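The values are calculated or read from the model by the stated rules, or taken from the named source; none is laboratory data. The shown structure was predicted, so the numbers you read here are calculated from the model rather than taken from an experiment. No Cβ is skipped: glycine too gets one built from the backbone with ideal geometry, and neighbour counts run over all protein chains shown. Note: accessible area is taken over every heavy atom of the protein model, side chains too, but ligands, DNA and RNA are not part of it. Shrake-Rupley method; radii C 1.70, N 1.55, O 1.52, S 1.80 Å.
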Amino acid sequence: MRLPIVAGNWKLNGSRESVRLLASEITDKSFSDVEVIVCPVALHVPDVASVVAGSSVKLGAQNAAFEEGGAFTGEVASSMLAEYGCTHVIVGHSERRSLFGDTNESCAQRHQAVLNAGLTPVFCVGESLEEREAGETLSVVTGQLDAVFEHVGNAAFDQAVIAYEPVWAIGTGKTASPDQAQEVHAAIRNMLHARSPEASDSVRILYGGSVNAGNADELFAKPDIDGGLIGGASLKSADFFAICDAAAKQYSQA
Ligand code: 13P
């Protein structure tokens, strides 16, 4: 069985003080049977890095530039994130795609840049409500993954994590049902199989979109759901711990 991951995407939230406090509450708990990652805003990375140092909690960023350096005002390079202790970078989150102009191609370039720096991309895919209602969910997700395969090659996800986040479920309180999520996760694993059979077995595919302490159990019980990428519920340590425990329970019972 794949070791589950629970990653907290803190988005644009917190102050230096509040993120240090949240990070220290999380590092005070000892986790087993689950990999825990926290993803603060880039400016908070050094503070959070100093809190999580020496613990099992890993540090991720929410985005990274598609080049290593140069005239890219406002961007942060993967190598710079690595210098501050990041091991993971979220790539292609739907908020980046819909609000900040990221395309399948630029997400693929960012994915490559993250890999080049020796970090692990957490690559996000997912359809809008209109696309789901038009029956386009799988073609949208396939297109998002194919762009990365075209740019990076068949090994694109051998050292990566994938997060399926249906756009209509993000921050809405409307979760995909466990069956809806499992259907897409299984389809993603099938797509990977055609490109890299070994990776298709080992890659962790996280579900994201209104995961909370009450619904995590049934989502994580599905065979192709290997944990979660958590937004709102990752900002309160008690809720986040309940979600981590739900993931760990699946692993220890397998
Ligand atoms: P919510 O858990 O707040 O719906 O956010 C999900 C998400 O976008 C994580 O990246």
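Assorted remarks:
- If you filter the stretch 190-230 down to residues that are open to solvent by 20 Å² or more (accessible area, probe 1.4 Å) and small (Gly, Ala, Ser), you find that the one that is farthest from the ligand (Cβ to nearest atom) is Ala194.
- The residue of the stretch 231-241 that is farthest from Ala163 (Cα to Cα), among those that are surrounded by 17 or more Cβ atoms within 10 Å (Cβ to Cβ) and free of Cβ contacts under 8 Å to residues at least 60 places away in the same chain, is Asp239.
- In the stretch 72-94, the qualifying residues are those that are of a type in the set (Ser, Thr, Tyr) and in contact (Cβ under 8 Å) with a residue 12 or more places away in the chain, and the one that is surrounded by the most Cβ atoms within 10 Å (Cβ to Cβ) is Ser78.
- The stretch 118-161 - residue that is free of Cβ contacts under 8 Å to residues at least 24 places away in the same chain and on the phi > 0 side of the Ramachandran plot and, of those, least open to solvent (accessible area, probe 1.4 Å): Gly153
- In the set (1) open to solvent by 10 Å² or more (accessible area, probe 1.4 Å); (2) touching a residue at least 40 places away in the same chain (Cβ under 8 Å), His111 fails one condition alone, (1).
- Residues satisfying the criterion are absent from the stretch 244-253 (criterion: touching a helix residue (DSSP H, G or I) at 6+ places or on another chain (Cβ under 6 Å) and either part of a strand (DSSP E or B) or within 11 Å of the ligand (Cβ to nearest atom) (or both)).
- The residues listed here are Gly209, Gly214; of these, the one that is within 22 Å of Glu131 (Cβ to Cβ) and modelled with pLDDT of 95 or more is Gly209.
- Some residue of the stretch 100-117 being in contact with a Leu (Cβ under 8 Å, 6 or more places away or on another chain), of a type outside the set (Lys, Arg) and away from the ligand (no atom under 16 Å from the Cβ): yes
- Only listed residue being among the small types (Gly, Ala, Ser) and either under 17 Å from the mean Cα position of the chain (by Cα) or buried (at least 20 other Cβ atoms within 10 Å of the Cβ) (or both), chosen from Gly101, Gly69, Gly60: Gly60
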